1. Taking residue 198, is it more than 15 Å from ligand 2 (Cβ to nearest atom), charged (D, E, K, R) and assigned by TED's automatic domain parsing to the domain that holds residue 93?
2. Go through (1) in contact with a helix residue (DSSP H, G or I) (Cβ under 8 Å, 6 or more places away or on another chain); (2) closer than 25 Å to residue 334 by Cβ one by one and return the number of the condition residue 250 breaks.
3. Among the numbered conditions (1) touching a strand residue (DSSP E or B) at 6+ places or on another chain (Cβ under 6 Å); (2) basic (Lys, Arg); (3) more than 27 Å from residue 348 (Cα to Cα), tell me where residue 280 comes up short.
4. Can you tell me which residue in the range 1-41 is nearest to residue 204 (Cα to Cα), limited to those that are within 13 Å of ligand 1 (Cβ to nearest atom) and open to solvent by 40 Å² or more (accessible area, probe 1.4 Å)?
5. If you take the residues of the range 338-370 that are in contact with a Phe, Trp or Tyr (Cβ under 7 Å, 6 or more places away or on another chain) and modelled with pLDDT under 95, which of them is nearest to ligand 1 (Cβ to nearest atom)?
6. Residue 467 versus (1) of a type outside the set (Phe, Trp, Tyr); (2) in contact with a strand residue (DSSP E or B) (Cβ under 8 Å, 6 or more places away or on another chain); (3) open to solvent by 10 Å² or more (accessible area, probe 1.4 Å): which is the lone unmet condition?
7. From the set of residues in the range 387-407 that are in a helix (DSSP H, G or I) and modelled with pLDDT of 95 or more, which is least open to solvent (accessible area, probe 1.4 Å)?
8. Scan the range 107-140 for residues that are more than 28 Å from residue 82 (Cβ to Cβ) and buried (at least 19 other Cβ atoms within 10 Å of the Cβ) and jot them down.
Amino acid sequence: MKIKNICCLGAGYVGGPTMSVIALKCPEIRVNVVDLNESRILAWNEENLDKLPVYEPGLAEVVKEARGRNLFFSTDVDSAIEAADMIFIAVNTPTKNYGEGKGMAADLKFVELCARQIARIAKNDKIIVEKSTLPVRTAETLQTILDHAGNGVKFEVLSNPEFLAEGTAINDLLNADRVLIGGKQTESGQKAIQSLVDIYAHWLSPKQILTTNVWSSELSKLTANAFLAQRISSINALSALCEATEADVDEVANAIGTDSRIGSKFLKASVGFGGSCFQKDILNLVYLCRYFNLQEVANYWEQIIILNDYQKYRFAKKIITSLFNTVSGKKIAFLGWAFKKDTNDTRESAAIYVAEHLIEDGAEIHVFDPKVSEGKIKADMRDLWDLKGFTEQKIESKLKQIFVHQLPIEALDQAHAVAVLTEWDEFKTYDWNSIYIKMYKPAFVFDGRNILDAAKLTEIGFQVKGIGKG
Ligand SMILES: NC(=O)C1=CN([C@@H]2O[C@H](COP(=O)(O)OP(=O)(O)OC[C@H]3O[C@@H](n4cnc5c(N)ncnc54)[C@H](O)[C@@H]3O)[C@@H](O)[C@H]2O)C=CC1
Ligand SMILES: O=C(O)[C@H]1O[C@H](OP(=O)(O)OP(=O)(O)OC[C@H]2O[C@@H](n3ccc(=O)[nH]c3=O)[C@H](O)[C@@H]2O)[C@H](O)[C@@H](O)[C@@H]1O
C-alpha cells in the first residue's frame, strides 16, 4: 500500500523531530502531527523558529523547509486520524505513579486513549505504528482495543521503536544506525511492514532497515536502552573505585574501549545518567521480568538504577564533605541543568537530585544553563518535592534556596564551589582566571562531567574534584 497521508499522535521530543524528517524526505506524503497540548502545537507553528518547543541542532532548518508544504501541526486529532493511511503513536509512556506497578510499570493510559480514539474515528483500514517505547506485547493490547472498539475496519499494528538521542536527533534520524520494524508474519502484516519500509527507504539503505516479528521489535527497544545505561553504570561504578585508588577513570575507559569487542562509546563517567527514558525503560523491564517471575533477571537489571542513584548521591556528598562537612548558607554554582548538552530537556536530570541533596543540607543553589528557563528549573524541583508529599508551604520555603541566572558570572560570583552538571561546550571556554578571583577561597570545582582542564584549574588555584579522578 502506498502511503499518502500520515498522522502522528504526540508532538513531543520524538513525534516532532521524527515526523519533520519524514516530511522533509517524503515530500509527496502529507504529515499531520497532532497533540492535545495546545500551547505545544502553537509553539510548533511559531513563525520564530527559535521558539519551537524542542531545541535540537538542525531541527529548525528541517521544519522551515517542510512546514506548510507537507508538514502540519494541529490539535485537530480526529480529522488527522480520519484522513490518515498510517498513524504513528508517539505519546508519552511515563512510569506509573499510582496503583498497581506504581514506580515501576509503564503507564499506558495515553497509548490506550489513542487506540480508543483511532477505533472510534477510523472509517477505513489503517496501519498503526507504535513509535512510543512500550512493554513487550503491547501490540496485542492495541490490536484487541482496535478490533473490539472499532467500526469493523481492519487495523494492522506495527512496532517501530525510536532510537534517536536528544541533542543529536536530526543527525540520528538522517543517518540512523538502523530503523527497526516489527510486524505480524501474516500476508497483511508483511504488506504493512513493506509500506513503512518504503517510507524509510526514501533516505536509508536496505541494510539500515531491519524487520522482525512484533515482540522482538518491542523488546529490542527496552534492551537497547538497558544495554546503553548498563555501560554508564558500569563505568560509574568503577569511577568510585578509581577515586579510592588513584586510577583515572578516563584512562581506564580509554584502555578498555580500544578493545574492539568492548568499543569506546558510552563509557564516559558522569554524575549519573538522566533523561526521560533510561530509568523508566529499565524500571519497565524490571517490572516485566518480575511479572514473568524472573526474579534474578529483574534484580540484575535493577542494579543499573540503584548504581545510578548512588552516583548522584555520591557526587552531592562529595561536595558537602569537601566543603568541610556542611554547605549550609553556602553558594553553590551549578553550571548546567539539562540532562545532557544540546537539549533543553531536563527530565530526570542528575542536577535535580544533586540540588535536592544540597538544599537539604542548607545550600543556596545558583544555576546557569544556556537553554533551560527559570520556570522549568523551579518546576522540576517543585515536582520532585510534590511527589515526596511535601506541603505547599515547605515547597515554597525550599524554592527560596534556588536561584536561576541569565549570565554564568552571576551564578559564579562569590560562590564557594562550582558544580558542572551538564557538559555544555561553552563551560570549557570560560575565563576561569577571572572566575577564580570572584569566588570564595578555597574555591572548589566539582566537575560532574570531566570536561574542564583540571591541571589548568589547579594551577590557577582551584581545588578540583572530577568523577573517577584519584
Ligand atoms: N525523548 C526521547 O528522546 C525518546 C523518547 N522515546 C519514547 O517516545 C515516547 C514519547 O516520548 P517524548 O516525545 O519524549 O514525550 P513527550 O512528553 O515530549 O511528548 C508526548 C506528547 O504526546 C501528547 N499526547 C498524550 N496523549 C495524547 C493523545 N491522546 N493524543 C495526542 N497527543 C497526546 C502529549 O501532550 C505530549 O506532547 C515515549 O514512549 C518515549 O519513551 C523513544 C526514543 C527517544
Ligand atoms: O529511548 C530514548 O529516549 C533514547 O535514550 C537515549 O538517548 P537520550 O536519553 O536522549 O541521551 P543519551 O545520549 O543516551 O544520554 C542519556 C544520559 O546518559 C548520560 N551519559 C551518556 C553517555 C555516557 O557515556 N555517559 C553518560 O553519563 C548523558 O549525559 C545523559 O544524561 C538513547 O541513547 C537513545 O538511543 C534512545 O532512543
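The values are calculated or read from the model by the stated rules, or taken from the named source; none is laboratory data. Since the structure is predicted, the reported quantities are computational estimates derived from the model, not experimental observations. Every residue, glycine as well, gets a Cβ built from its backbone with ideal geometry; the counts of neighbours run over all protein chains shown. The accessibility values were calculated without ligands, DNA or RNA, using every heavy atom of the protein model including side chains. Shrake-Rupley method; radii C 1.70, N 1.55, O 1.52, S 1.80 Å.
1. Numbers: more than 15 Å from ligand 2 (Cβ to nearest atom): yes; charged (D, E, K, R): yes; assigned by TED's automatic domain parsing to the domain that holds residue 93: yes.
Yes: the conditions hold for residue 198.
2. With respect to (1) in contact with a helix residue (DSSP H, G or I) (Cβ under 8 Å, 6 or more places away or on another chain); (2) closer than 25 Å to residue 334 by Cβ, residue 250 is out only on (1).
3. (3)
4. Of the range 1-41, the ones within 13 Å of ligand 1 (Cβ to nearest atom) are 7-20, 32-41.
Okay, now just the ones that are also open to solvent by 40 Å² or more (accessible area, probe 1.4 Å), so 14, 36-40.
On the way: 14: 19, 36: 31, 37: 32, 38: 33, 39: 33, 40: 30 Å.
Within the range 1-41, the match that is nearest to residue 204 (Cα to Cα) is 14.
5. Among those that are in contact with a Phe, Trp or Tyr (Cβ under 7 Å, 6 or more places away or on another chain) and modelled with pLDDT under 95, it is 345.
6. Unmet condition: (3).
7. To start, the set of residues in the range 387-407 that are in a helix (DSSP H, G or I) comprises 387, 392-399.
Adding the requirement that they be modelled with pLDDT of 95 or more leaves 392-399.
Values: 392: 99, 393: 152, 394: 90, 395: 1, 396: 80, 397: 63, 398: 22, 399: 20 Å².
Here the residue is 395.
8. Initially, the range 107-140 is screened for residues more than 28 Å from residue 82 (Cβ to Cβ), giving 135-137.
Across the range 107-140, the qualifying residues are 135, 136.
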